[in-house]
Amino acid sequence: MSALLTVEGLVVDYGRGPDATHAVDGVGFELHEGETLALVGASGSGKSTTAHAIIGLLPEGAKVVGGRISVAGNEILTLRERERARLRGSVIGLVPQDPTVSLDPVQTIGRQIVEAIRLHQGLPRHAARAEALAVLERVGIDRPKLRLSQYPHELSGGQRQRVLIGIATVNGPRLVIADEATSGLDVTVQRRVLDQLDALTAEDGAAVLLITHDLGVAADRADAVVVLENGRVVESGPTARVLGDPQHPATRRLIESAPSLASARDRPSRVIAAEGTDASPLLTVEGLRKEFTLRGAIGRGEHIVAVDDVGFEIPRGQTYALVGESGSGKTTTGRIVAGFERPSGGSARIDGELITGARGAALRGLRRRVQYVYQNPFASLDPRFAVHEIVAEPLRSFGIGTRAERRERALELLEAVHLPPALATRRPAQLSGGQRQRVAIARAIALEPQLVVLDEAVSALDVLVQRQVLELLAELQERLSVSYLFISHDLAVVRLVADEVGVLRAGRLVEHGPVDRVFDDPRHPYTRELLEAIPGTAAR
Amino acid sequence: MLWYIARRVGYALIVVWAAWTVTFILLYRLPSDPVSIMLHGAGGEVASRASATQRAALAHQYGFDRPVIVQYFLLLGRALRGDFGLSVQNHLPVAKLVGQALPSTVQIALLGLAFALLLGAGVAIAANYSRNRFLRGLLFAVPPLTASFPTFWVGLMLLEVFSFRLGWFPAVGNDGFRAAVLPAITLAIPAAASYAQVLSRGIEKTLREPFIDVVRAKGAQRARVHLVHAFRNAMIPALTLVGLTVGGIFAGAVVTETVFSRSGMGNLLQASVNSQDIPVVQILVLLSAVAFAIVNLAVDLVYPFIDPRIARPAR
């Protein structure tokens, strides 16, 4: 049987002339009908670039300079752009990376599906609309009729990803490319979305090219795996063989770093700082409650309880993890603890001092003791500031040290997060995702806080970088005996870093306890559901 | 949605009322004597000949002898009924003077706005659509350049080329559409330049958004990507700018009407300011506030149709 997708000796350059670098350097593989192939590798390994070359959507500045790509008998690289556009959507479908930015914000869901249909099928508008409704039903969205007339911002991330899967598969493509399609989703949503993709492609016998850094996902879903490093294929073969008996060091590194595949025993046993120190907890949260009022278009309000009677304690120098799906109230809890938001009821105290209800000078004082690190390090760093200015900004706002001292301290902080001093004068845009998150961490520890709220702080990073940042956090905790409130939807990561864990569902803490106990002996059915949804569970 | 409309209309009314109040304070209540100003406006010799009794009579006629707050509501009440008093200069009702000047200015303003929108959008779309590096660079560079041309110079150039050399359009006067074309273009050019600038940057930025990749992955051709998706997403900031530049059109009208020897609001404004004809100046200021409020109201009402996130916030 001839392959549906053949890639041979593909070379893609970024830049031109002598400055050009090979992002993809001689990649080749085959994918047959009905099969799923996972293209795995760290960020920068060329997996996304390869996928974009296949569908003919390379970013500005990237250029295919060699090789051959054939999809269902079409030589992609020799086609004219107009003809390539005709293959997109009809023969090749794309499920993009981040559903929250992948739909046109100013057009209804219905219009965007209808567009995909009418670009390839000569259907009249009303027939296409009926077909769009069928698409939404097929991808399992509730109230599909309503969704047709809604806009992207009115749907959740998981729902938007379903819409995108619907769009990618509506014309029955032979090849579906899923580019990190579920990386940003909660584990339970991720599982449902991947199941949906499996079902839809199985129906049509289409092939799936999964681009992922999550080996757990590859282990669960792919028939074969191709491992990329620095733009080259370093290992490939059937999934069980590659993941069970990795030959290349790059593959081994990926497997070791994958939190979903690592067992809990791998966790470095940390000495809990108990040497005669204060045994009272650092943070005490009691009966926390937060209500939001949603204002409808006509002005009638609707109450939403985001956090409902949540209570926990964090001992000094330890990590407490809050896990749950998006919308479970974990970020709201984190923001209340950091003093960014006021609760509707209950209290949070640090060292006995009330955080909730603090105002003015007291609240400002608290900022020195509680810091916050966000998921998206790009959005939380001012693009116009140099790295050393970003790191020194908290010192400046509290008037600590002279300008020269602050600069000195900024360099120390960068060293503490293992960033070379040469980066101090760069701007955030010139850094990688992992480096940016290190800068955000350096800024957070600049004032030597007692507690750092880490809100999905490693969720956007690929596994290798994620592992490094987690190690850095553990090292800093040991050195500074800082406590962490670790907010995450990724249970696998939580197991690696947390001492205790609380499981939030719809604003309520359904289970909490020491991390090993909760993972090995979950008592609440919801915790079990979350644990089962971790990709790679089957492979373990 | 109804609430949104009601709120926007409310804002517009507040803007007009506030403008009227501020001009009242500035023109009538600042530490100067409005009677002297008016007498002066009517001519130096009149001012010097006016006796104390005559001054008092004049003050009484305009109500200056009453408490400020009474004057304010008196004038506001009259204004609401459409009575804006008499011009100091020629004793004609202000409403009539302005009514005569208004149509000609509105004609060139609207025509100018239409030209500016077409030209601005056209240049922005072409700049991004073009694959030719030179043309692209040119189309991106021209708007900032033309934005810096002075209005009178643009007007004179247009006159020179299209009236005197080519003879396509009349050089002066108020008669009909043909006479309005050149003044409208003169008004349109600085506005078009700023619309083009904001729109082309907006389209450029939108084209780099991830959702554009999805649109292309659906199989959409280049034209569709640019016109249906990128253009519409880039419109919001440009639309805001349209609202803000309307004030500039009035200011431009003064210069433009002078260059093309047209009668109109700009002309009337200039004459009234020169002769310190307070009632006329006040209504002209008020009218530009009304124009500003109406255009911004229209812009606010159009927003939700372009960007649904404005009237339908996320849950």
| note | Residues of the stretch A:346-363 being among the small types (G, A, S) and on the phi < 0 side of the Ramachandran plot, in sequence order, are A:S347, A:A348, A:A358, A:A361, A:A362
| request: Could you please find all residues in the stretch A:499-528 being among the hydrophobic types (A, V, I, L, M, F, W, C) and over 21 Å from A:V482 (Cα atoms)? | output: A:V503, A:L504, A:A506, A:L509, A:V510, A:V518, A:F519
| query | Take the residues of the stretch A:301-325 that are buried (at least 16 other Cβ atoms within 10 Å of the Cβ) and among the small types (G, A, S): which is nearest to A:F486 (Cα to Cα)? | reply | A:A321
| remark: Residue hits (the stretch A:414-434; of a type outside the set (D, E), modelled with pLDDT under 90 and either farther than 20 Å from A:V465 by Cβ or not in a loop (DSSP other than H, G, I, E, B) (or both)) are A:A416, A:P421, A:A422, A:L423, A:A424, A:T425, A:P428, A:A429, A:Q430, A:G433, A:G434
| said: Residues that are farther than 30 Å from B:L227 by Cβ and part of a loop (DSSP other than H, G, I, E, B): does the stretch B:300-315 have at least one? | reply: yes
| Somewhere in the stretch A:457-468, is a residue in a helix (DSSP H, G or I) and either without any contact (Cβ under 8 Å) to a residue 60 or more places away in the chain or aromatic (F, W, Y) (or both)? | yes
| task | For the stretch A:57-89, enumerate the residues that are surrounded by 12 or more Cβ atoms within 10 Å (Cβ to Cβ), of a type in the set (D, E, K, R) and more than 14 Å from chain B (Cβ to nearest Cβ). | result | A:K63, A:R68
| request: May I ask you to verify whether B:A298 is more than 30 Å from A:L155 (Cβ to Cβ), surrounded by fewer than 20 Cβ atoms within 10 Å (Cβ to Cβ) and either under 14 Å from the mean Cα position of the chain (by Cα) or within 14 Å of chain A (Cβ to nearest Cβ) (or both)? | output: yes
| message | So for the stretch B:201-220 (the condition being over 23 Å from the mean Cα position of the chain (by Cα) and more than 14 Å from chain A (Cβ to nearest Cβ)), does at least one residue qualify? | response | yes
| request: Return a yes/no flag: does the stretch A:41-54 have any residue that is in a strand (DSSP E or B), away from every other protein chain (no Cβ under 12 Å) and either of a type in the set (A, V, I, L, M) or within 23 Å of the chain's Cα centre (by Cα) (or both). | output: no
| task | Scan the stretch B:221-231 for residues that are within 11 Å of chain A (Cβ to nearest Cβ) and surrounded by fewer than 17 Cβ atoms within 10 Å (Cβ to Cβ) and report the count. | result | 4
| query | Which one is surrounded by the fewest Cβ atoms within 10 Å (Cβ to Cβ) among residues in the stretch A:489-508 that are at pLDDT 90 or above and of a type in the set (G, A, S)? | reply | A:G502
| query | In the stretch A:415-432, how many are of a type in the set (A, V, I, L, M, F, W, C) and touching a residue at least 40 places away in the same chain (Cβ under 8 Å)? | reply | 4
| note | Restricting the stretch B:238-283 to residues that are touching a Gly at 6+ places or on another chain (Cβ under 6 Å) and among the hydrophobic types (A, V, I, L, M, F, W, C), the one surrounded by the fewest Cβ atoms within 10 Å (Cβ to Cβ) turns out to be B:V254
| said: Based on this model, can you work out whether B:V106 counts as within 27 Å of B:V299 (Cβ to Cβ), β-branched (V, I, T), in a helix (DSSP H, G or I) and touching a helix residue (DSSP H, G or I) at 6+ places or on another chain (Cβ under 8 Å)? | reply: no
| task | Kindly provide the set of residues from the stretch A:182-204 that are among the hydroxyl-bearing types (S, T, Y) and assigned to a helix (DSSP H, G or I), ordered by number. | result | A:T188, A:T201
| task | Mind listing whichever residues of the stretch A:113-129 are facing another protein chain (nearest Cβ under 8 Å) and either in a helix (DSSP H, G or I) or of a type in the set (A, V, I, L, M) (or both)? | result | A:E115, A:A116, A:L119
| Can you tell me which residues in the stretch B:153-170 are over 22 Å from B:A114 (Cβ atoms) and in contact (Cβ under 8 Å) with a residue 40 or more places away in the chain? | B:L156
| message | Being closer than 30 Å to A:K145 by Cβ and either assigned to a strand (DSSP E or B) or among the polar types (S, T, N, Q) (or both): is that true of A:L103 here? | response | no
| request: Return yes when B:I189 is β-branched (V, I, T) and within 14 Å of chain A (Cβ to nearest Cβ) and no when it is not. | output: no
| request: Please work out which one of (1) under 26 Å from the mean Cα position of the chain (by Cα); (2) more than 25 Å from B:G247 (Cα to Cα) is the condition B:N90 fails and give its number. | output: (1)
| request: Sort out which residues of the stretch A:90-112 are charged (D, E, K, R), more than 24 Å from the chain's Cα centre (by Cα) and at the interface with another protein chain (Cβ under 7 Å from one of its Cβ atoms), and write them in order of number. | output: none
| query | Limited to the stretch A:135-156, what total is found for residues that are in contact (Cβ under 8 Å) with a residue 12 or more places away in the chain, more than 12 Å from chain B (Cβ to nearest Cβ) and at negative phi? | reply | 8
| A:E353 fails exactly one of the following numbered conditions: (1) modelled with pLDDT of 90 or more; (2) of a type outside the set (A, V, I, L, M); (3) more than 31 Å from the chain's Cα centre (by Cα). What is the number of that condition? | (1)
| said: Please count how many residues of the stretch A:351-405 are among the polar types (S, T, N, Q), outside any loop (DSSP other than H, G, I, E, B) and buried (at least 19 other Cβ atoms within 10 Å of the Cβ). | reply: 1
| Tally of residues being within 30 Å of B:I5 (Cα to Cα), acidic (D, E) and modelled with pLDDT under 75 across the stretch A:275-313 | 1
| Test for A:T182: is it more than 11 Å from chain B (Cβ to nearest Cβ) and either closer than 23 Å to A:E325 by Cβ or within 21 Å of the chain's Cα centre (by Cα) (or both) | yes
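The values are calculated or read from the model by the stated rules, or taken from the named source; none is laboratory data. Since the model is a prediction, treat every value here as computed from it, not as a measurement. Backbone-built Cβ (ideal geometry, glycine too); neighbour counts: all protein chains shown.
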